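See below for the structure under consideration.
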């Protein structure tokens, strides 16, 4: 009987510990942007004197949400950068082609969306090269930018990616739209913290526990409001290519 009670206590304690750890991880993911930890050696903001920002979207293409986001961007007259997952470019080629046809940038977001930190270099190369191959086959474009899933990379992995000819693009402001925050909250957060040269992270696909699916309704609603609010503050919107060119050319680009 005593042994049974001890086992019950241990099971209860273990369950409590797991719940606390789970809540801690969830809170960390929701309220802290892990990209801050690994920004060194990446592009997450470009120092420019002009008031410009770059909107970026991860985890697409999605047959449901990417077209709706593209519709909103077209209405607003804004070009953005889409970091695409190779296997979804393969699965939804017509959506990927629409992104390029409408003048947006495309970046590489790996083939399978595996977290790449401390992975084998062969795995890292395969994830990037396979995504690159599919994107080029489908859209005709070669990507020059890589964004790691969940942002996690070691310094050694960063060096390898640069050797492969990519610039690693992270972000300054994380909308956390995958948490399905209210659109007004997202707009208020970004407008309050934005600075010239910022890179802003959104998602056009993916759910909390899956890289496909999810609900990007709040993201779609956010775009027109955010564009209006930032334009009122004197900002304009550029792609990652334009942002980096402005840095290299001393911000001589003309507004579009």
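Just to verify a result, which residue in region 221-237, among those that are crowded, with 20+ Cβ neighbours inside 10 Å and in a helix (DSSP H, G or I), is farthest from the chain's Cα centre (by Cα)?
Among those that are crowded, with 20+ Cβ neighbours inside 10 Å and in a helix (DSSP H, G or I), it is 230.
Go through (1) touching a residue at least 40 places away in the same chain (Cβ under 8 Å); (2) touching a helix residue (DSSP H, G or I) at 6+ places or on another chain (Cβ under 6 Å); (3) surrounded by 16 or more Cβ atoms within 10 Å (Cβ to Cβ) for residue 149 and report which single condition fails.
Of everything listed in (1) touching a residue at least 40 places away in the same chain (Cβ under 8 Å); (2) touching a helix residue (DSSP H, G or I) at 6+ places or on another chain (Cβ under 6 Å); (3) surrounded by 16 or more Cβ atoms within 10 Å (Cβ to Cβ), residue 149 misses just condition (2).
Taking the condition of being under 21 Å from residue 108 (Cβ atoms) and surrounded by fewer than 22 Cβ atoms within 10 Å (Cβ to Cβ), how many residues in region 47-68 meet it?
Total meeting the criteria: 1.
Any chance you could count how many residues in region 72-104 are without any contact (Cβ under 8 Å) to a residue 24 or more places away in the chain and either closer than 21 Å to residue 212 by Cβ or surrounded by 17 or more Cβ atoms within 10 Å (Cβ to Cβ) (or both)?
So the answer is 2.
Readers should treat all values here as calculations from the given coordinates under stated rules, not as data from a laboratory. Since we're looking at a predicted model, the values are computed, not measured. Cβ sites come from the backbone with ideal geometry, for glycine too, and all protein chains shown count toward neighbours.
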